[in-house]
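Here's the structure we're looking at; comments come further down.
The values are calculated or read from the model by the stated rules, or taken from the named source; none is laboratory data. Please read all numbers here as calculations on a predicted model, not as lab measurements. Cβ placement follows ideal geometry from the backbone for every residue including glycine, while neighbour counts extend to all protein chains displayed. These area figures cover heavy atoms from the full protein model, side chains too; ligands, DNA and RNA do not enter into them. Shrake-Rupley method; radii C 1.70, N 1.55, O 1.52, S 1.80 Å.
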Amino acid sequence: MDHFLSDEQRMVRDTARKLSDEVIAPVAARIDREDTFPRETYLALAELGLFGVALPEDAGGAGMDALTACIVMEEIARGSGAVGNAFAIPVEAALFLNHHGDAAHKALIPNILDGSVIPATAVTEPDNGSDVASMKTVARREGDDYVITGSKAWVTFGQVADVIMVFAKTDPAAGHRGISCILVEADRPGVHRGKSEELLGMHGLAECMIALDDVRVPVTNRIGPENGAFKMAMENFNFSRLMMSSMALGMAQAAMEDAIAYAHDRRQFGKPIFEFQAIQFMIADMAKDIAAARLLIHHAAKLYDAGQPIALEAAQAKLFTTDMAQVHISNALQIHGGNGYSREFRVERLFRDVRLSQIYEGTNQIQRMIIARQVGKQYA
């Protein structure tokens, strides 16, 4: 893929790779073990300007594109899937505010980019995940204010966020056509953060439930048109699915590298296990599918950068990449044998971390539904 990248893209990739190898990877096990938000690592990403990699220069970003963001994500997630996940949040928040926000909302972007303001997005609820239109959180209008009541689940950065983009029903009778996005400062009265979720993997993301108990915010905090947030969210999902695909890709790449190194080092029956065909075939399939996933992601990102619709391509990239990462990280663990089951080896953490990628940003069952509908339209 190197031959098709610009000099600038290669430079950014090499910067991200150096950060991943020298800063992120050495602390990844500690982040996983302690399960606390890695503020220093988060700020290291901000200091390099990576949060604005896909943001236009006139908005304070690097003026690059979605493809470059995917490349950076792959490199970061190669060092730590959790840090890769953390990287996606401010990148997406800054793009969302720049695309949909007014001048006051956009004024937050520089602070998001430098890491001094941590954003979060609250869409999912305890009883509603994939079915966004069934959310129960309500924002009722009282004069120049909204009063928000409801609960949000699985809010990444929920415990440390300074601002939360809350999706709520402003017209409960209108289904998905009655949802608005409202910026809520996390220190407002009525915002209650739950305990940090004890997750299988992806530790350190300060994920929690958030209860909104008659939280009063001015109407000017609404991002975009009233009742127009469902479309905004669906458009954002296309980009976020590219990011999650690249996150899974980076973890799969790390697992393959570890598996190859281990297979050359580990000896059984008088020779390195890499010389056994059973191991070679597993690694061959890893290399094949990782290359295919990278092509799917980069193709979708190029279409996105060209202003083309990518609902189909983003779903295909997310489905294929996260499924293949789950399979091949499991195979990499198998190549490690009993050692793969030990936390002394990175592949054990990769095995736990990657599982979320098949659930996050639309489950892979939802991706199959999207793909079927899009293909059905093409060939109807």
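Could you check the spin-label model distance between Arg33 and Ser130? Points 7 Å from the Cα along Cα→Cβ, value in nm.
3.8
At 0.36 nm per residue, and after removing the present C-alpha to C-alpha distance, how many nm does the segment from Lys231 to Arg368 gain when stretched out fully?
Between Lys231 and Arg368, full extension yields 47.3 nm more.
Output the direction-averaged projected area (hull surface divided by four) of the convex hull of the alpha-carbon atoms of region 158-236, in nm².
Result: a mean projected hull area of 6.2 nm².
Can you work out the Karplus-derived ³J(HN,Hα) for every residue in region 218-226? Use 6.51 cos²θ - 1.76 cosθ + 1.60 with θ = phi - 60°, whole Hz, and x for glycine or proline.
Result, ordered by residue: x, 4, 5, 6, 5, 9, x, x, 4 Hz.
If you put +1 on each Lys and Arg Cβ and -1 on each Asp and Glu Cβ, how big is the dipole of the chain around its Cα centre, in Debye rounded to 20?
With only Lys, Arg, Asp and Glu charged at Cβ, the dipole is about 920 debye.
Ala107 to Glu185: FRET efficiency via 1/(1 + (r/R0)^6), r the Cβ-Cβ distance, R0 22 Å, to the nearest 0.05?
0.95
Mind checking the log10 I(q)/I(0) for region 65-122 at q = 0.22, 0.26, 0.30 Å⁻¹? Debye, one equal scatterer per Cα, no solvent, two decimals.
Taking Cα atoms of region 65-122 as identical point scatterers yields -0.89, -1.09, -1.20.
Please label the shape of region 106-215 as rounded, prolate or oblate, based on the square roots a ≥ b ≥ c of the eigenvalues of the alpha-carbon gyration tensor (a/c under 1.5 means rounded; beyond that, a/b larger than b/c means prolate, else oblate).
It is oblate, given that a/c is not under 1.5 and a/b is not larger than b/c.
Going through the cross-link list Lys271/Lys318; Lys318/Lys377; Lys106/Lys318; Lys18/Lys302, which pairs have a Cα-Cα distance over 27 Å in this structure?
Over 27 Å apart, Cα to Cα: Lys271/Lys318; Lys106/Lys318.
GluC sites (Glu not before Pro), restricted to region 297-380: which are DSSP loop and have at most 12 other Cβ atoms within 10 Å?
Those that pass, being in a loop and sparsely packed, are Glu344.
Counting only heavy atoms of the protein chains, get the accessible area per residue of the chain (1.4 Å probe) and round it to a whole Å² value.
44
Using 0.36 nm per residue, how much length does the chain from Asp285 to Met11 gain when fully extended, once their Cα-Cα distance is taken away?
95.7 nm
Considering only DSSP states other than H, G, I, E and B, which GluC sites (Glu not before Pro) in region 200-277 qualify as loop sites with at most 12 other Cβ atoms within 10 Å?
Passing both the DSSP loop test and the Cβ count: no residue.
Hey, how many Å between the Cα centroid of region 8-40 and the Cα centroid of region 230-275?
Comparing the Cα centres of region 8-40 and region 230-275, I get a distance of 16 Å.
Can you pull out the chymotrypsin sites (Phe, Trp or Tyr not before Pro) in region 247-296 that DSSP calls coil and that have at most 13 other Cβ atoms within 10 Å?
Taking region 247-296 and a limit of 13 other Cβ atoms within 10 Å, the loop chymotrypsin sites (Phe, Trp or Tyr not before Pro) found are Phe269.
Please list, or write none, the lysines whose alpha carbon is within less than 18 Å of the alpha carbon of Lys169, excluding same-chain residues fewer than 8 places away.
Leaving aside lysines fewer than 8 places away in the same chain, those within reach of Lys169 are Lys136, Lys152, Lys231.
So if each residue of separation counts as 0.36 nm, and I subtract the Cα-Cα distance between Gln334 and Ala278, what length gain in nm does that give?
Fully extending the segment from Gln334 to Ala278 adds 19.0 nm.
I'd like the FRET efficiency for Asp145 and Ala173, computed as 1/(1 + (r/R0)^6) with the beta carbon distance as r and R0 of 25 Å, rounded to 0.05.
Rounded to the nearest 0.05, the efficiency is 0.75.
Between region 79-132 and region 171-213, how far is it from one alpha carbon centroid to the other, in angstrom?
The distance from the Cα centre of region 79-132 to that of region 171-213 comes to 12 Å.
Report in % the part of the accessible area of the chain that belongs to carbon and sulfur, leaving out ligands and nucleic acids; probe 1.4 Å.
Accessible surface attributable to carbon and sulfur in the chain totals 53 percent.
Restricting to DSSP H runs of at least four residues, report the calculated mean residue ellipticity at 222 nm for the chain, -39500 (n - 2.57) per run over all residues, nearest 500 deg cm²/dmol.
So the helix-based figure for the chain works out to -16500 deg cm²/dmol.
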